[in-house]
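Only one structure is covered here, and it is reproduced in the block below.
The values are calculated or read from the model by the stated rules, or taken from the named source; none is laboratory data. Nothing here was measured: the structure is a model prediction, and the numbers come from that model. Glycine also receives a Cβ, built like all others from the backbone with ideal geometry; neighbour counts cover every protein chain displayed. The protein model used for the area step is the full one, side chains on, heavy atoms only, and it has no ligands, DNA or RNA in it. Shrake-Rupley method; radii C 1.70, N 1.55, O 1.52, S 1.80 Å.
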Amino acid sequence: MAISEPYLEEDIHPIDIVEHLAEHHEWDFDRLGDDQIAMAVEGQWRTYSLTLAWSGFDETLRMVCTFEMDPPAEKMPALYELINQINDQCWAGAFTYWAEPKLMVYRYGLVLAGGQMATPEQIDTMIGAAVMSAERYYPAMQLLIWGDKTPAQAMQAAIAEAYGRA
């Protein structure tokens, strides 16, 4: 059965779809309001915090995927250079660093202008892409910050295909 089958012929709120997906994947979640949900998604490297919020004003489903990161001040210029290199490879969404809460952030907005409906498959793919991007680039960020690698050297960890598990 496709994820979207329960929603055929229905006009359903995007956050209701996200809640259904969280239940389906057995993710911890908290419905923060009619238009917002927060989830914890377990990855290989860490647990990622995802928040999805619907804005009826501009008809956009916004997603923010975060994880804690506290780089030393002297590493910040190199981290920003690495983030730029990473974002050059990300076609859907982008990374940024929020210094005050010490969070690495992957953001994406799904524009549904004109009364378009998001499908469960679209939202599931959006969430999957966020976690996959965080998983792919997390080692590069760690190598840069704690392994004394240059941005170019750190990117090699993200570009290389890994097979198996250590």
The stretch 119-128, subset surrounded by fewer than 20 Cβ atoms within 10 Å (Cβ to Cβ) and in contact (Cβ under 8 Å) with a residue 40 or more places away in the chain, residue farthest from TYR48 (Cα to Cα):
THR119
Could you grab the pairs with beta carbons closer than 6 Å, sequence gap of 6+ or different chains, first residue in the stretch 96-112 and open to solvent by less than 40 Å² (accessible area, probe 1.4 Å), second one of a type in the set (Lys, Arg)?
GLY109/ARG62
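Tell me, yes or no, whether the stretch 50-63 has at least one residue that is closer than 30 Å to GLN156 by Cβ, in contact with a Phe, Trp or Tyr (Cβ under 6 Å, 6 or more places away or on another chain) and at pLDDT below 95. Please lay out each step first, then the result.
Here is the first cut: in the stretch 50-63, the ones closer than 30 Å to GLN156 by Cβ are 50, 63.
Next cut, in contact with a Phe, Trp or Tyr (Cβ under 6 Å, 6 or more places away or on another chain) only: 63.
Next, only the ones that are at pLDDT below 95 stay: none.
No, because not a single residue in the stretch 50-63 is closer than 30 Å to GLN156 by Cβ, in contact with a Phe, Trp or Tyr (Cβ under 6 Å, 6 or more places away or on another chain) and at pLDDT below 95.
Filter the stretch 51-79 down to residues that are acidic (Asp, Glu) and open to solvent by 60 Å² or more (accessible area, probe 1.4 Å) and give me whichever is nearest to the chain's Cα centre (by Cα).
Out of the qualifying residues, it is GLU68.
Condition check ((1) assigned to a strand (DSSP E or B); (2) out of contact with any Phe, Trp or Tyr (no Cβ under 9 Å at 6 or more places or on another chain); (3) at pLDDT 95 or above) across all residues:
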position	(1), (2), (3)
PRO77	no, yes, yes
ILE86	no, no, yes
MET104	yes, no, yes
ARG107	yes, no, yes
ALA113	no, yes, no
ALA130	no, no, yes
LEU144	no, yes, yes
Please identify the pairs in which a residue from the stretch 129-153 that is surrounded by fewer than 18 Cβ atoms within 10 Å (Cβ to Cβ) has its Cβ atom under 9 Å from the Cβ atom of a residue that is of a type in the set (Phe, Trp, Tyr) and modelled with pLDDT under 95, counting only partners at least 6 apart or on another chain.
GLU135/TRP45; PRO139/TRP45; GLN142/TRP45
Listed residues GLN44, GLN116; which is open to solvent by 80 Å² or more (accessible area, probe 1.4 Å) and either aliphatic (A, V, I, L, M) or closer than 14 Å to VAL131 by Cβ (or both)?
GLN44
